[in-house]
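Inspection log for the structure reproduced underneath, given as structure tokens.
What follows is calculated from the coordinates using simple rules that are stated; it is not laboratory data. Since this is a predicted model, take the numbers as computed values, not measurements. Virtual Cβ from ideal backbone geometry, glycine too; neighbours counted across all protein chains shown.
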Amino acid sequence: MISLTFILSFFFFLILSFSSLITSTFNNQTLSHQHPFPESVVQQVNRRINESISRRQISDTTVINYQCLTGNPIDDCWRCDPNWVDNRQQLADCAIGFGHGAVGGKGGRYYLVSDPSDYDTVNPTPGTLRHAVIQDEPLWITFAGDMIIRLKHELMINNYKTIDGRGANVHVTGGGCITLQYVTNVIIHNIHVYNCIPSGNSNIRQSTTQVGWRGMSDGDGISIYSSRNIWIDHCALSHCTDGLIDAIMGSTAITISNSYFTHHDKVMLLGHDDRYVPDVGMQVTIAFNHFGEGLVQRMPRCRRGYIHVVNNDFTEWQMYAIGGSANPTINSQGNRFTAPEDPNAKEVTKRVDVDERDWTEWNWRTEGDEMVNGAYFVPSGDGISNQYALASSMEPKSAFLIEQLTMNAGVIGVPRDTTVAMSFGGRTRTTIAANRSSSVRPSRSKDGDGGFLEKVFGSVASAGSSTSSPSSSTITILFSLLILYIITNNIGLL
């Protein structure tokens, strides 16, 4: 006889699998938290930039707050406050773009990281970064001083957290490194992330009540998986095994800003797989970043979704800067693209593994971009003409202001370290290859995330335990809550 637990588990799995499809049927959206009018977000970004630059131009003549005003709306929002140290949480009001709603740990208490160690991934030591990020309450996390945090395994971040490295020189490196999975409202600000290598096959605490078995990670700097309302700002990323930042599996409402990317091959992946339809709802703003020395490709590489790339400085690539497949919308505004000397690598854009007849209708738009050293952007779809569906009436500021807008990209207050000496944290490529071959890695889709089924359905244990089997009552409750969620979010359309 089939048990009640099995029957409920089966129906729960079916509803979970098709919940995004049900939601899209009601709302004509693939993700419940995607913005229904992305062009209005683009317009708001352009408005914020224009307002900040206008204030800067006025200050040039009045010499009032001249030192702090840069025209960069994010920095001008908080750096002009001489008492920002006493009002750190003001930062949460400064995001722009699709991730502007990320509040992080705003309203929560402060947590001071005083211990850079990472000895125990199941029962982390109080005072460590791992202990801070797994807490269930909103937290604004700061650091007692300069520190290098060498992670043992992935750092699993819980909901409503801000990692605020201002005032200290904070380096995160080692195994993992930073993973945001099924979470919301996370801000990562002003830290170095580099030399991230694959690690795992271990239990790792994800919250105060949950410990989960994790397969081998890919070695991303920051991995965003089925998460939303994420803001990464003023970080410096380099020398990781896989991607510097990857956002996949229906992640949306993301802003990546004011960061400094160097010495890496596959810089940024947005989208899990060409066949993964929910990524149509992925919406990402990439603003005021510096893509620099030693980069090869993927700045970003997009699958589906809507990607706004605005006022970034691309100073080096070896293959291409912006690429994509599966019909993403790419809106490039006010960037500066400096092509390499290689005559075969002058094109900014690349449609990956697709015939031209199939991508001519994709909406790839360039507006106000500056092309240097023979760089050229190949538009398509609505981007070919000046007319663009629901395009902003406010023009993006010209790329001639790029120097000013990106002058502080990266970690504030410390020199930019772009040397190869940081690479691999003292490890050689041979050592890393040996470490990777000694462990069995789960299967992964091309350019996607490894161990999908394991990450979704892997064991999740209660605190202090490595195994657990849910009771039928627990499954019933979850089943009921999911049904109520779908009904309450769509009842107005029934």
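Here region 205-238 and region 84-150 have alpha carbon centers that stand 14 Å from each other.
Out of every Cα-Cα pair that region 155-202 contains, those further apart than 14 angstrom amount to 56 percent. Give me D for region 126-218 in µm² s⁻¹, whole number, from Stokes-Einstein with Rh from the Kirkwood sum over alpha-carbon pairs, 10 °C and 1.306 mPa s. The diffusion coefficient I find is 119 µm²/s. Phi angles of region 259-264 translate, via the Karplus equation with coefficients 6.51, -1.76, 1.60 and θ = phi - 60°, into HN-Hα couplings of 10, 10, 10, 8, 6, 7 Hz per residue; Gly and Pro are given as x. P(r) for region 256-359, from all Cα pairs and a bin width of 5 Å, is 3, 13, 24, 26, 19, 11, 3, 0 %, short bins first.
Taking a temperature of 20 °C and a viscosity of 1.002 mPa s, what whole-number D in µm²/s does Stokes-Einstein yield for region 64-165 with Rh from Kirkwood over alpha carbon pairs? Once the numbers are plugged in, D ends up at 143 µm²/s. When the Cα convex hull of region 236-296 is projected onto planes of every orientation, the mean area is 4.2 nm². The Kirkwood hydrodynamic radius of region 199-320, based on inverse pair distances between different Cα atoms, is 15.0 Å. For region 348-380 versus region 155-173, the inter-centroid distance based on Cα atoms is 36 Å. For region 313-384, the Cα-based Rg and Dmax, in that order, read 11.7, 31 Å.
At an R0 of 35 angstrom, the distance between the Cβ atoms of Ser40 and Val122 translates into a FRET efficiency of 0.20.
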